[in-house]
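Data block below; observations after.
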Amino acid sequence: MVHMTSRVLTIGFDLDMTLIDSRPGIHACYQALSARTGTYIDADLTITRLGPPLAEELVNWFPAEEVEAVADLYREMYPTHAIAPTPAMAGAREAIAAVREAGGRAIVVTAKYEPNAKLHLSHLGIEPDAVIGGLWAEGKAEALRDYDAGVYVGDHTGDVRGARAANALSVAVATGPCDADELREAGADVVLTDLTEFPSWLAGHTKAPL
């Protein structure tokens, strides 16, 4: 029997608008997709509602029966158009480093197509212990439980739901489409302005009695 006292601190992070500001890259990719398909896409609008799976956005612009094929095309075009323009969010590297310095491991759990998520992190020199893609909202709990994550950090109410479904502490950053009040109302345990506040929060969290 494994005693929980030996549990390694594992903290999960969302990707888009939590660790990376994917708006410039996604904007460029949607513009390229629009040009390629001849279908109008309001790229300015799409980047105001990042978080949910790709299909939930594409259905606004394409007939339902075309969404799967268009999603495949988007993912194929993504590395060419979206990786280079996308910067890390303020405090992202420091947040991962803080987890390591606390003796923990950092994992990324995202709705994004996993190979493209890994390309973003590699391009930015951010090296989590694991990257799990293709999971959204409550679905994220699957990976959080598999890795025994006690904390999940994200920017969307869907991330809060994922954390709660995994019985993990929900730490929210108000850097995405959901403001601090929305995140609190969704049940976030902690709301930070951005990841620059994360290392000091973590220091207090790891000192707190279990």
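Tell me, what ³J(HN,Hα) does each residue in segment 7-13 have, in order and in whole Hz, if you take phi through Karplus 6.51 cos²θ - 1.76 cosθ + 1.60 with θ = phi - 60° and put x for Gly and Pro?
Coupling constants for segment 7-13: 4, 7, 5, 10, 10, x, 10 Hz.
Suppose we keep just the alpha-carbon trace of the chain; what are its Rg and Dmax in angstrom?
For the chain, the Cα radius of gyration and maximum Cα-Cα distance read 17.2, 59 Å.
Quote the accessible area belonging to D44 in square angstrom, nearest 10, computed with a 1.4 Å probe and with ligands, DNA and RNA left uncounted.
100
What are the ³J(HN,Hα) values, in whole Hz, obtained from phi via the Karplus relation 6.51 cos²θ - 1.76 cosθ + 1.60 with θ = phi - 60°, for each residue of segment 47-57 in sequence order, with x given for Gly and Pro?
7, 8, 9, 6, x, x, x, 3, 4, 5, 7
Assuming R0 = 41 Å, can you tell me the calculated FRET efficiency for the pair R93 and E185, based on Cβ-Cβ distance, to the nearest 0.05?
Numbers: r = 30 Å, r/R0 = 0.74.
FRET efficiency, R93 to E185: 0.85.
Keeping all protein chains in place and using 1.4 angstrom, which order do K140, K118, K207 fall into by accessible surface area, from largest down?
K207, K118, K140
Can you figure out the FRET efficiency of R145 with T196, using R₀ = 30 Å and their beta-carbon distance, to the nearest 0.05? Please report the intermediate quantities before stating the final value.
On the way: r = 29 Å, r/R0 = 0.96.
It comes out at approximately 0.55.
Considering only protein heavy atoms, what is the solvent-accessible area of E65 at a probe of 1.4 Å, reported in Å² to the nearest 10?
E65 exposes around 150 Å² with every protein chain in place.
Once the whole set of protein chains is in place, how much accessible area is left on H123, using a 1.4 Å probe, in Å² to the nearest 10?
Counting only protein heavy atoms, the figure is 100 Å².
Give the calculated FRET efficiency between K207 and A84 to the nearest 0.05, with a Förster radius of 41 Å applied to their Cβ-Cβ distance.
Working: r = 40 Å, r/R0 = 0.97.
Efficiency computed from Cβ-Cβ geometry: 0.55.
By how many nm would the segment from E138 to E68 grow when fully extended, if each residue of separation counts as 0.36 nm and the alpha-carbon distance is taken off?
Additional length available on full extension: 23.0 nm.
In terms of solvent-accessible area of protein heavy atoms at a 1.4 angstrom probe, what is the ranking of S170, S122, highest value first?
Descending accessible area places them as S122, S170.
Quick check: Cα centre of segment 127-178 to Cα centre of segment 97-124, how many Å?
The distance from the Cα centre of segment 127-178 to that of segment 97-124 comes to 12 Å.
Please build a GNM for the chain, connecting alpha carbons under 10 Å apart, and tell me which residue among L121, L73, L192 fluctuates the most.
Evaluated over the chain, the most mobile residue of the options is L73.
Cβ neighbours within 10 Å, averaged per peptide: list 104-112, 87-95 in order, most packed at the top.
Numbers: 104-112: 25.0, 87-95: 19.3.
Result, highest mean Cβ count within 10 Å first: 104-112, 87-95.
Restricting to DSSP H runs of at least four residues, report the calculated mean residue ellipticity at 222 nm for the chain, -39500 (n - 2.57) per run over all residues, nearest 500 deg cm²/dmol.
Mean residue ellipticity at 222 nm (helix-derived): -12500 deg cm²/dmol.
Report the residues of segment 74-94 in range of a label on R100: point 7 Å along Cα→C-beta, backbone N strictly under 11 Å from it.
Of the residues in segment 74-94, 93-94 have backbone N under 11 Å from the label point off R100.
In what sequence, largest accessible area first, do I11, I47 appear using a 1.4 Å probe?
On the way: I11 0, I47 35 Å².
Descending accessible area places them as I47, I11.
The values are calculated or read from the model by the stated rules, or taken from the named source; none is laboratory data. Just so we're clear, the structure is a prediction, and the values are computed from it rather than from any experiment. For neighbour counting, all protein chains shown are included, and Cβ atoms are generated from backbone atoms with ideal geometry for every residue, glycine included. SASA here: full protein model, heavy atoms, side chains in, ligands and nucleic acids out. Shrake-Rupley method; radii C 1.70, N 1.55, O 1.52, S 1.80 Å.
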